Amino acid sequence: MVIQCLFETSAVLGLLGVRSIVTGIRPAIAQSVVQLGADLSIIQIFGTFWL
């Protein structure tokens, strides 16, 4: 699943000192993440790109 790959990539990048930021997640994707029980603490999530 794409979201699984995103979290794995973010975890690897975190080992290299890179901070991952995700924006614009559709509601259906957010629900899938919750259903998977994914650990969201490794990725910063914002509603828009403008911080």
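The values are calculated or read from the model by the stated rules, or taken from the named source; none is laboratory data. It should be emphasised that the depicted structure is a prediction, and the values quoted were computed from it without experimental measurement. Because the Cβ atoms are built from the backbone with ideal geometry, glycine has one as well, and the counts that use them run over all protein chains shown. SASA here: full protein model, heavy atoms, side chains in, ligands and nucleic acids out. Shrake-Rupley method; radii C 1.70, N 1.55, O 1.52, S 1.80 Å.
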Pseudo-spin-label distance residue 25 to residue 46, built 7 Å along Cα→Cβ, given in nm, is 1.5
The answer for the chain, accessible area per residue at 1.4 Å probe in Å², is 81
The simple spin-label model distance between residue 36 and residue 11, using points 7 Å out along Cα→Cβ, in nm, is 1.1
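Could you tell me what a quarter of the Cα convex hull surface of the stretch 1-41 works out to, in nm² with one decimal place? Please list the in-between numbers first.
Values: hull surface 11.6 nm².
Projected area, direction-averaged: 2.9 nm².
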Rounded to a whole %, the carbon-and-sulfur portion of the accessible area of the chain at a 1.4 Å probe is 65
